[in-house]
1. Between Ser66 and Val88, what is 0.36 nm times their sequence separation minus the Cα-Cα distance? Round to one decimal in nm.
2. For the chain, what is the calculated [θ] at 222 nm in deg cm²/dmol (nearest 500), taking -39500 (n - 2.57) for each run of four or more DSSP H residues and dividing by its residue count?
3. Rank Gly107, Gly95, Thr3 by how far each Cα sits towards the positive end of the charge dipole of the chain (+1 on Lys, Arg Cβ; -1 on Asp, Glu Cβ) and give me just the farthest.
4. Could you name the lysines in cross-link range of Lys193, using Cα to Cα under 23 Å and dropping any fewer than eight places away on the same chain?
5. Given R₀ = 30 Å, FRET efficiency for Ala117-His30 by Cβ-Cβ distance, to 0.05?
6. Identify which of Lys138, Lys154, Lys58 has the largest mean-square fluctuation in a Gaussian network model of the chain, with springs joining Cα atoms closer than 10 Å.
7. Starting with the fewest neighbours, write out Val88, Val112, Val191 ranked by other beta-carbon atoms found within 10 Å of each beta-carbon.
8. For the chain, what is the charge dipole size about the Cα centre, in debye to the nearest 20, if Lys and Arg each add +1 at the Cβ and Asp and Glu each add -1 at the Cβ?
Amino acid sequence: MLTLPDLPYPKDALEPHISAKTLEFHHDKHHNAYVTKGNDLLKGTGMENEDVEDIIKKIAGDDSKSGIFNNVAQVWNHTFYWHCMKKVGGGKPTGRIAEKIDSDLGGYDKFVEEFKAAGAGQFGSGWAWLALEGDKLKIVKTLNADNPLTKGMKPLLTVDVWEHAYYLDYQNRRPDYLTTFVDHLINWDFVSKNLG
């Protein structure tokens, strides 16, 4: 059974970077719609009580289950995305994640350049991710509901580049939204926790 989690902060916590109105629509309407539709599609499949990540991995690439995949993966992606942001976040990280970014990606500036390029370069709807492939950091972009779990990677950070994530605040200026996300919103504590 899919559930809509509460946001990990008040709806106005990310202002002025992401408005309460955007979070109201994005969380209460879009995310909730994936939960409702996903639960409807899961009925009678025998997967209703399975772990969300297990469902995603099990049915990825199965065209006969694409409706289930799209909704279940979007529930997971959005829940993960909310935790990737915090009030007074962003900027250069410290600790082990900073060391990994230096060693695996060529430094923070290179990470920023490649992460923003992945988000800006995702044609249509999708996500940009910082993920762990084996023991190496990798920046990837995915289309629609897809995520690194389907490629055997461990997601550490994501930014949602579906238009509903930013359009009320940034209109068609996706690059500005991505810059703001990196500079002011990334929850590096969450990313570090995912790194382990």
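Any read-out appearing in this document is the output of simple, stated calculations on the displayed coordinates, not a laboratory observation. Quantities reported herein were computed from a predicted structural model and do not represent experimental measurements. Neighbour counts are summed over all protein chains in view; Cβ atoms, including those assigned to glycine, are modelled from backbone coordinates with ideal geometry.
1. Full extension from Ser66 to Val88 adds 4.2 nm.
2. The per-residue figure over the chain is -12500 deg cm²/dmol.
3. Looking along the dipole axis, the top candidate is Gly107.
4. Hits, sequence-local ones excluded: Lys57, Lys86, Lys87, Lys92, Lys100, Lys110, Lys116, Lys136, Lys138, Lys141, Lys151, Lys154.
5. The value I calculate is 0.75.
6. Sorting by GNM fluctuation, first place goes to Lys58.
7. Listing Val88, Val112, Val191 from fewest to most nearby Cβ atoms yields Val88, Val112, Val191.
8. It comes to approximately 140 debye.
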